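Notes to accompany the following structure.
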Amino acid sequence: MAMVALGATVYYLLALAVPPLAAAAITAAIFAAVALIVALLFVRRAHGEEEEEEYEPEGLGMRAFHLFQQRPILGAAAALAGGFIFLRNPALATMVAAAFTEKSRPRRR
């Protein structure tokens, strides 16, 4: 819905300066160029994932960050679920925050 509104806005702004047919053509060209750029970025990113070395991030926070970077929908779902749980039990939020910020230290004997 937002893209339709953006397209209409671009068209009407261009229609003030150029004939309506030219405004429609320019608007279509702008959106086609943006779609092409986004598609090329995703294709480049997809090819780049095969060449990356896999590494194991340190700590719980870095592992979660790496996982959510690789799977953004999983990150969004986890954030929504976590927000709901933290609204129900604020004490749990402090425990989780402490676990994510805690640095792993070797135990002394």
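What follows is calculated from the coordinates using simple rules that are stated; it is not laboratory data. Predicted model, so just to flag it, every value in this text is computed and none were measured. With ideal geometry, Cβ positions are generated from the backbone for all residues, glycine too; neighbour counts draw on all protein chains shown.
Here are the numbers for the structure shown:
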| quantity | calculated |
| --- | --- |
| Per-pair calculated FRET efficiency, R0 = 30 Å: Q70 and L40 via Cβ, rounded to 0.05 | 0.90 |
| Length added when fully stretched, Y11-R63, from 0.36 nm per residue minus Cα-Cα | 14.2 nm |
| Cα shape, the range 1-52, gyration tensor, a/c 1.5 rule | prolate |
| Residue order, fewest to most beta carbons within 10 Å, for I30, I73, I85 | I73, I85, I30 |
